[in-house]
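Asks: Handing you this structure, nothing more for now.
The values are calculated or read from the model by the stated rules, or taken from the named source; none is laboratory data. For clarity, every value in this text was computed on a predicted model and none was experimentally measured. Heads up, the Cβs are rebuilt from the backbone with ideal geometry, glycines too, and the neighbour counts pull from every protein chain shown.
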Amino acid sequence: MTGLADPFAVRRPLLAGTWVKVPIARWLMDYAIGKAPVHVRFPDGTVRGAGGPDSQVLEIVRPRAFYDRISHNPKIGLGEAYMAGDWRAAPGSDLGAALTPFAERMTSLVPEPIWKLRAVVDKRIPAATKNSREGSRRNIGAHYDLSNEMFASFLDPTMSYSAAKFDESMPFEGQDLEAAQLRKIDAILDMAHVGSGTRVLEIGSGWGALAIRAAQRGAHVTTITLSTEQRELAQERIAAAGLTDRIDIRLQDYRDVTGQFDAIVSVEMIEAVGEEYWPTYFAAIDELLAPGGTVAIQAILMDHSRMVATRRSFGWIQKYIFPGGLIPSLQAIDETLAAHTGLVRTDRSDLGQHYAETLRRWRHRFIASWESAGAVHSGFDETFRRMWEYYLAYCEAGFASGYLQVSQLQFTRR
């Protein structure tokens, strides 16, 4: 994936009307900067922001290009400006920590009258990212088929690409990430009552860690994925664990699964389903669940009003990281269950701050691996590196601020 640099190889000419939009973008950004306890330093030495002596510092490297990108699309332009190197965290400052104060003030960073006009500038989600069977394969492949080696460079040995669960009796920092990921997996398997002889369906295989853990409990696991890269490596890991007789890993859409399962588990896959298909997703789970069975999913969540306000708009994450993705709200999940299934939510465990720490670890490992193991990243350019650094920091700030939540949810039949 080397073409990501192309949009920034040559600076775009100013579009008609930009002479109007750029001053507005500059005013809005300055307004937001003035609200957050950070410092923002400009090339001429000017420092803005409401930060104190120990605050994080961001540097605007190319102000004209920075404001130009934001003026074209505020939701996408900020991330594209980071990818292009128009701004950065200053030496000694941390990008995730610098973004968190902005995430904490997300609803007040723009004056309310301007916020109400967001529909005018928001871009619609492209029809090509619709999560039909074909679209889902394409969307999943765009992210998860990038490179197993690249993912291995920053994930822990379990290859778990979801929120870990740290021991809450002690500070998260310094705890072993692999142990925290296994604690997360055990928690969701416990929630689904997975044990010896349990027939388990996992929707979204990842690289096989949960399936392996479930099989080690004596369960019989069917696990499905749409990522060819993930399936290939997961098969190797399952064989190395001596569990091929207990785990059937398939390249299959959840809509095409048949059978009955005592437990259905899915970790951070619902975000890739799409609002249009939530009824289909939960109806399929309901149909596949055996009498007396239990469902446990781990889901990233946002406040319902925020979800409603943003669900039809096209953002940076959807354009560059997760095409077709949409984070649900707990209310939306409950309403979908009530309208389309016989399932009801019966338990919930929140891991929001655990995810902030998980993402911080991933980001630091990603940066370190890029600097020390260039061969692993030989197929990617510097724009790709900045894109992933921003993505991980952006998500970390979302969870650290409480703007986003992630929960393990249990469902049983009414």
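The rows are residues; the columns are (1) more than 16 Å from the chain's Cα centre (by Cα); (2) assigned to a helix (DSSP H, G or I); (3) under 17 Å from THR336 (Cα atoms); (4) not assigned by TED's automatic domain parsing to the domain that holds THR223.
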site: VAL265; (1), (2), (3), (4): yes, no, no, no
site: TYR281; (1), (2), (3), (4): yes, yes, yes, no
site: ALA284; (1), (2), (3), (4): yes, yes, yes, no
site: GLY292; (1), (2), (3), (4): yes, no, no, no
site: VAL295; (1), (2), (3), (4): yes, no, yes, no
site: ILE300; (1), (2), (3), (4): no, no, yes, no
site: ALA309; (1), (2), (3), (4): yes, yes, no, no
site: ILE317; (1), (2), (3), (4): no, yes, no, no
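Asks: Let me ask something additional. For ALA219, work out the one condition from (1) more than 19 Å from ASP286 (Cα to Cα); (2) surrounded by 18 or more Cβ atoms within 10 Å (Cβ to Cβ); (3) touching a helix residue (DSSP H, G or I) at 6+ places or on another chain (Cβ under 7 Å) it doesn't fulfil.
Replies: Failing condition for ALA219: (3).
Asks: I would also like to ask the following. Every residue in region 170-219 that is in a loop (DSSP other than H, G, I, E, B), in contact (Cβ under 8 Å) with a residue 40 or more places away in the chain and of a type in the set (Asp, Glu), please. Lay out the reasoning, then the answer.
Replies: Residues of region 170-219 that are in a loop (DSSP other than H, G, I, E, B), as a first pass: 170-176, 192-198, 204-208, 217-219.
With in contact (Cβ under 8 Å) with a residue 40 or more places away in the chain added as a condition, the list becomes 172-173, 192-194, 198, 204-208, 219.
Within region 170-219, just GLU173 meets the criteria.
Asks: A further question follows. Can you run down the residue pairs with Cβ atoms below 7 Å, 6 or more apart or on separate chains, where the first is in region 220-234 and in contact (Cβ under 8 Å) with a residue 60 or more places away in the chain and the partner is among the aliphatic types (A, V, I, L, M) and not in a strand (DSSP E or B)?
Replies: Close Cβ pairs (under 7 Å, with a partner that is among the aliphatic types (A, V, I, L, M) and not in a strand (DSSP E or B)) amount to LEU226/ILE140; SER227/ILE140.
Asks: In region 35-55, how many are of a type in the set (A, V, I, L, M) and out of contact with any Pro (no Cβ under 7 Å at 6 or more places or on another chain)? Full working, then the answer.
Replies: Pass one, region 35-55, residues of a type in the set (A, V, I, L, M): 36, 38, 40, 47, 50.
Okay, now just the ones that are also out of contact with any Pro (no Cβ under 7 Å at 6 or more places or on another chain), so 40, 47.
Adding up the residues that qualify gives 2.
Asks: Is there any pair with a first residue in region 23-48 that is modelled with pLDDT of 95 or more and surrounded by 15 or more Cβ atoms within 10 Å (Cβ to Cβ) and a second that is β-branched (Val, Ile, Thr) and assigned to a loop (DSSP other than H, G, I, E, B) whose Cβ atoms are under 9 Å apart and which are 6 or more apart or on different chains, and what are they?
Replies: From residues that are modelled with pLDDT of 95 or more and surrounded by 15 or more Cβ atoms within 10 Å (Cβ to Cβ), the pairs are VAL40/THR46.
Asks: Has region 397-414 got any residue that is crowded, with 22+ Cβ neighbours inside 10 Å, in contact with a Gly (Cβ under 9 Å, 6 or more places away or on another chain) and either outside the structural domain of LEU182 (by TED's automatic domain parsing) or hydroxyl-bearing (Ser, Thr, Tyr) (or both)?
Replies: No, there is no match, as no residue in region 397-414 is crowded, with 22+ Cβ neighbours inside 10 Å, in contact with a Gly (Cβ under 9 Å, 6 or more places away or on another chain) and either outside the structural domain of LEU182 (by TED's automatic domain parsing) or hydroxyl-bearing (Ser, Thr, Tyr) (or both).
Here's the yes/no breakdown for (1) closer than 21 Å to ASN131 by Cα; (2) at pLDDT below 95:
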position	(1), (2)
GLN298	yes, no
GLY324	yes, yes
ALA338	no, no
GLN353	no, no
ARG361	no, no
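Asks: Next up: Can you tell me which condition THR228 does not meet? The list is (1) within 22 Å of the chain's Cα centre (by Cα); (2) of a type in the set (S, T, N, Q); (3) buried (at least 20 other Cβ atoms within 10 Å of the Cβ); (4) more than 24 Å from ASP334 (Cα to Cα), and all the others hold.
Replies: (3)
Asks: What about ARG311, is it farther than 29 Å from GLY398 by Cβ and in contact (Cβ under 8 Å) with a residue 12 or more places away in the chain? Show your work before the answer.
Replies: Details: farther than 29 Å from GLY398 by Cβ: no; in contact (Cβ under 8 Å) with a residue 12 or more places away in the chain: yes.
Spelling it out, it is not the case that ARG311 is farther than 29 Å from GLY398 by Cβ and in contact (Cβ under 8 Å) with a residue 12 or more places away in the chain.
Asks: Exactly one of (1) buried (at least 22 other Cβ atoms within 10 Å of the Cβ); (2) part of a strand (DSSP E or B) is unmet by LEU326. Its number?
Replies: (2)
Asks: Among GLN331, GLN353, which is the only one that is farther than 22 Å from GLY174 by Cβ and in a helix (DSSP H, G or I)? Quick ask: steps written out before the conclusion?
Replies: On the way: GLN353 fails: farther than 22 Å from GLY174 by Cβ.
Of GLN331, GLN353, the one residue that is farther than 22 Å from GLY174 by Cβ and in a helix (DSSP H, G or I) is GLN331.
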